[in-house]
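Participant: Below is one structure. I have some questions about it.
The values are calculated or read from the model by the stated rules, or taken from the named source; none is laboratory data. Quick caveat, the model's predicted, so the values are computed rather than measured. Cβ sites come from the backbone with ideal geometry, for glycine too, and all protein chains shown count toward neighbours. Side chains are part of the model used for accessible areas, which takes the heavy atoms of the whole protein and leaves out ligands, DNA and RNA. Shrake-Rupley method; radii C 1.70, N 1.55, O 1.52, S 1.80 Å.
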Amino acid sequence: MPAIAATGLSKSYRFHRSRAGLGGALIDLVHRQHGDRLAVNDLDLTIDDGEFVGLLGRNGAGKTTTLKMFSGLLRPTGGDLRVLGYEPSKRRFAFLREIAIVLGSKSMLWWDVSTRASLDLHKAIYDLSPSEFTDSVDQLVDLLELSDVIDVPVRQLSLGQRMKCELAVALVHRPRLLFLDEPTIGLDVVSKAAVRQFLRTVNTELATDSGTGVTVVLTSHDMDDVAELCRRLILIDHGRVQFDGTPAELIRQTRPHKRITLSYAGELGQVEMDVDRSETTRVLAEATARGELLDVEVRDADLDDVMRAVMQA
Ligand SMILES: Nc1ncnc2c1ncn2[C@@H]1O[C@H](COP(=O)(O)OP(=O)(O)OP(=O)(O)O)[C@@H](O)[C@H]1O
């Protein structure tokens with residue numbers, strides 16, 4: 001059984017359409033107009049146990065809505081969705097016990113108390129036995145290096161420390177499936193690296209009942225997160241799957257180019273161009289004849305280049 005199976009999944013939001021001007025606002029008070037916005041449109045996809053999948057797309061593409069339906073926070077308006085065999089929107093305890101969601105822009109922690117207090121609350125919510133709880137907390141404190149911060153009130157933590165605590169609280173009940181929305185937003189490079197390292201461990205090593213590590217679905221606009229973590233990418237556009245494959249396949253399919261950067265002495269300065277692979281040698285030969293070359297860099301397009309091209313298309 002796949003971890004996630006969606007067929008024809010759709011979600012439309014009903015929104016209030018305002019009339020223009022003061023007169024319009026007054027009419028709105030007695031007679032409201034509504035519109036429907038289709039955020040996810042007939043989405044088909046399957047995610048297997050143990051995968052680390054990146055859900056990508058431009059702002060408003062429907063990623064967060066998809067993630068919220070997967071985790072049961074939103075009810076689909078159409079299609080069929082099974083997550084770990086459950087219908088998420090029913091929000092059964094057995095389902096909630098198996099999943100976790102971390103939203104980079106929203107905190108699950110209580111600001112005025114320590115992370116330990118939030119962990120204790122989760123112990124009660126998920127009805128964890130004392131030994132299960134202690135084992136899990138010890139493992140997370142160790143992996144996330146939390147021993148110095150776990151007893152500090154959350155409001156006194158740095159953003160990076162707080163995100164690690166968010167992850168510890170989200171994972172204390174040992175879920176099989178983790179949904180992450182922009183988990184490294186606002187973090188410095190060192191904190192980002194620590195969070196990514198931890199997420200890799202969660203995916204490959206953390207014990208679950210199915211024995212495959214935690215299945216992770218990530219949305220991020222940070223292409224370094226995506227490149228370092230995701231073995232599979234699903235590109236969403238206007239609520240539909242536009243691409244489904246490995247990062248290397250996406251790069252090949254979207255931009256089969258080399259990026260050449262030439263630094264010339266004098267007026268020519270720096271010149272950047274995208275060149276078809278088969279043309280690289282010819283272009284470099286021509287470039288040397290154009291002026292005095294100080295430096296040449298030839299590189300494959302990376303995920304950042306690819307996503308820029310996809311979003312500008
Ligand atoms: N509560 C809501 N009511 C009405 N429309 C909404 C609501 N939430 C999202 N939308 C609309 O649904 C569409 C998809 O939004 P969603 O947040 O899923 O996109 P996203 O891909 O996560 O974008 P981002 O990268 O900016 O977070 C957008 O057009 C958005 O305006």
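Participant: Got a sec? What order do Ile234, Ile27 fall in by accessible area at 1.4 Å, biggest, i.e. largest, first?
Facilitator: Ile27, Ile234
Participant: Compute the whole-percent fraction of alpha carbon pairs in region 71-209 spaced more than 19 Å apart.
Facilitator: Tail of P(r) above 19 Å: 52 percent of Cα pairs.
Participant: Now for a separate question. Can you give the Rg and Dmax of region 86-150 based on its C-alpha atoms, in angstrom?
Facilitator: 13.4, 40
Participant: Each label point is 7 Å from the Cα along the Cα-to-Cβ direction; what then is the distance between the points at Asp36 and Glu132, in nm?
Facilitator: About 4.1 nm separates the two model spin labels.
Participant: Continuing with this model, one more query. Stick to Cα atoms and the Kirkwood definition of Rh, then tell me Rg/Rh for region 1-130.
Facilitator: Result: Rg/Rh = 1.09.
Participant: Something else now. Using a 10 Å cut-off on Cβ atoms, rank the peptides 109-115, 63-69 from the highest mean neighbour count down.
Facilitator: Taking the mean over residues of other Cβ atoms within 10 Å, the ranking is 63-69, 109-115.
Participant: May I have the count of lysine pairs in the chain with C-alpha atoms under 15 Å apart, counting pairs 8 or more residues apart or located on different chains?
Facilitator: Pairs that pass both the separation and distance tests number 6.
Participant: Continuing with the same structure: Which one, Ala287, Val310, Gly266, projects farthest toward the positive side of the charge dipole computed for region 255-312 from Cβ point charges (K/R +1, D/E -1)?
Facilitator: Val310
Participant: Show that you can apply the helix-only estimate: for the chain, add -39,500 (n - 2.57) for every DSSP H stretch of four or more residues, divide by all residues, and state [θ] at 222 nm to the nearest 500.
Facilitator: Helix contribution divided over all residues of the chain: -10500 deg cm²/dmol.
Participant: Any idea what Rg and Dmax come out to for region 255-312 if you just take the C-alpha atoms, in Å?
Facilitator: For region 255-312, the Cα radius of gyration and maximum Cα-Cα distance read 12.4, 36 Å.
Participant: Provide the three semi-axes, in whole Å and in decreasing order, of the ellipsoid equivalent to region 151-230 as defined by the square roots of 5 times the Cα gyration tensor eigenvalues.
Facilitator: Working through the eigenvalues yields semi-axes of 21, 17, 10 Å.
Participant: Let me know the Kirkwood hydrodynamic radius for the chain, please, with Cα pairs as the basis and the value in Å to one decimal.
Facilitator: 22.2
Participant: Once the Cβ-Cβ distance between Leu121 and Asp244 is put in as r, and R0 is 25 Å, what FRET efficiency do you end up with, to the nearest 0.05?
Facilitator: Between Leu121 and Asp244 the formula returns 0.05.
Participant: Scan region 166-269 for trypsin sites (Lys or Arg not before Pro) in coil per DSSP, keeping those whose Cβ has at most 15 other Cβ atoms within 10 Å, and list them by number.
Facilitator: Sites meeting the loop and neighbour criteria: Arg231.
Participant: So, R0 is 22 Å and r is the distance between the beta-carbons of Arg282 and Met311; what FRET efficiency does that work out to, to 0.05?
Facilitator: So, using R0 = 22 Å, E works out to roughly 0.15.
Participant: Taking the Cα centroid of region 1-71 and of region 165-229, what is the distance between the two, rounded to the nearest whole Å?
Facilitator: Between the Cα centres of region 1-71 and region 165-229 lies a distance of 24 Å.
Participant: Toward the positive end of the charge dipole of region 4-252, about the Cα centre and with charges on Cβ (Lys, Arg +1; Asp, Glu -1), which of Tyr86, Leu9, Gly245 goes farthest?
Facilitator: Leu9
Participant: By average Cβ neighbour count within 10 Å, what is the ranking of 4-14, 285-295 from highest down?
Facilitator: In decreasing order of mean packing, 4-14, 285-295 become 4-14, 285-295.
Participant: Computed FRET efficiency, Cβ-Cβ of Arg14 and Asp304, R0 45 Å: what is it to the nearest 0.05?
Facilitator: Approximately 0.80, to the nearest 0.05.
Participant: Which order do the peptides 265-274, 144-153 take when ranked by the mean count of other beta-carbon atoms within 10 Å per residue, highest first?
Facilitator: The densest-packed peptide leads the list: 144-153, 265-274.
Participant: Here's another thing I want to ask about it. So how much slack lies between Asp44 and Ile27, counting 0.36 nm per residue of separation and subtracting their Cα-Cα distance, in nm?
Facilitator: 2.0 nm is the gain from fully extending Asp44 to Ile27.
Participant: How long is the gain from Ser107 to Arg92 if the chain were fully straight, where each residue apart is worth 0.36 nm and the alpha carbon distance is subtracted?
Facilitator: Extra length from Ser107 to Arg92 when fully extended: 3.1 nm.
Participant: Also, I was wondering about something else. So between Glu228 and Glu267, what do we pick up on full extension, going 0.36 nm a residue minus the alpha carbon distance?
Facilitator: Full extension from Glu228 to Glu267 adds 10.2 nm.
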